[in-house]
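Reading through the structure tokens given below for one structure.
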Amino acid sequence: MSTPAVAAGLIPIRLAGPTGPAPVGAVELHLVDPSRTDPWSGQPREVMVTVTYPAADVRGRAMLPWLPSGAERALTARFGGAVDGYELPKTHSANRAPVRPGRRPVLLHSPGYNADRTFNTLVIEELASWGYVVVAIDHPYDSGEVEFPDGRVVVNHPDDASNEARTAAVAVRAADLRFVLDQLTVLERGGNPDAAGRPLPRGLRGTLDLTRVGAFGHSRGGAASAAMMYLDKRVRAGVDLDGTLYGPVVKHGLDRPFLLMDTVVHDGLNEDETWPPFWAHLSDWHRCLRLTDADHNCFTDIVAIAPQLPEAVRNTLQIGPIPADRAVAAVRATVRAFFDLQLRGRPDAGHLLWGASPRYPEIEYIAG
């Protein structure tokens, strides 16, 4: 049966489902931190998160939209009408489905600048289908379109592109990530951190293994993951997908495993002044890999959405010539292999992290 949007003549955009053995569920949470003042609004800092997890049963459950309706309108407005004839995708995450039993590693995810927490749904759902709980965070005024339960939509507040402004923004993101991890601890102890106390999915409490926490992000979200790890020893491993770094972590590095991924467009170790000093001060497992024939947004859902859009829009989206399905498969496999190795102790996962895998030739080994 077609959706009302398709019946109205819109062209549907689709995302591939995850490949793991578990169906996927998700719940959105509104979290408010009364201890911090939002530097943009002057009010207590609040964030929206989506918790995505292996589900026990998804029958009869609606799938979450890629963006809620208000955020979707704001995003389409950002494109000046160029995508008005398209229906944005639904996810493959069943809203508030019961959680599959078991203790799961927890991954925090931060999106890129002016991007939304759902922009890495392809990777997030893949990880959840293979047994991770992934908590994706929107950073209001620095992310893209953030919709709150009362219908408010907060959009990006452009910074001045100075190093000082970007460093400050990444520091806010790192504090957001630490706050969310604190709230996950509250949840595991029996509380409900949602600001309105909305019901949690059955089985969510008791499934979060907070002794096995990782962080990953794209672009500025990758910088936030590194910055958060520098501040918080609870995070055991991290990934930066093509993001310039900011803050003290650049000079001091990290003492836990970290993966950097770049593209030839962003040759991190040679052309980004922040990656070499960070790299030099990584004292635990570390590696730099490259996604070949790719551009910046190939680490996100944009690479899969772009071919479904008009050429004039597609050419603005920084995706490069790599086929979308190959980019999605390679990024999914690499991020999962890293966390399988570092949080699950699966040495067999490490072979992909040397690059030149026959199955994923798009992943190139740069250094390690």
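The values are calculated or read from the model by the stated rules, or taken from the named source; none is laboratory data. As the structure is a computational prediction, the values presented were derived from the model and not from experiment. When we count neighbours, we look across all protein chains shown, and the Cβ atoms used for this are built from the backbone with ideal geometry, even at glycine.
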Look at Phe278 and say whether it is within 26 Å of Arg104 (Cβ to Cβ), crowded, with 21+ Cβ neighbours inside 10 Å and modelled with pLDDT of 95 or more.
no
Could you check, for the stretch 299-306, whether at least one of its residues is modelled with pLDDT under 95, small (Gly, Ala, Ser), within 19 Å of the chain's Cα centre (by Cα) and surrounded by 18 or more Cβ atoms within 10 Å (Cβ to Cβ)?
yes
List pairs: first in the stretch 220-239 and modelled with pLDDT under 95 and among the polar types (S, T, N, Q), second surrounded by 24 or more Cβ atoms within 10 Å (Cβ to Cβ) and not in a helix (DSSP H, G or I), Cβ under 7 Å, 6+ apart or cross-chain?
none
Scan the stretch 31-55 for residues that are in contact with a strand residue (DSSP E or B) (Cβ under 6 Å, 6 or more places away or on another chain) and either among the aliphatic types (A, V, I, L, M) or surrounded by fewer than 20 Cβ atoms within 10 Å (Cβ to Cβ) (or both) and jot them down.
Leu31, Val32, Asp33, Pro34, Arg36, Asp38, Pro44, Val47, Met48, Val49, Val51, Ala55
Flagged in the stretch 122-153 as over 11 Å from the mean Cα position of the chain (by Cα), under 16 Å from Ala97 (Cα atoms) and in a helix (DSSP H, G or I), in numbering order, are Ala128, Ser129
Could you look through the stretch 324-361, keep only residues that are in contact with a helix residue (DSSP H, G or I) (Cβ under 6 Å, 6 or more places away or on another chain) and not in a helix (DSSP H, G or I), and pick out the one that is surrounded by the most Cβ atoms within 10 Å (Cβ to Cβ)?
Tyr360
Among the helices (runs of 4 or more DSSP H) contained in the stretch 176-293, which hold 2 or more residues that are touching a Lys or Arg at 6+ places or on another chain (Cβ under 7 Å)?
220-231
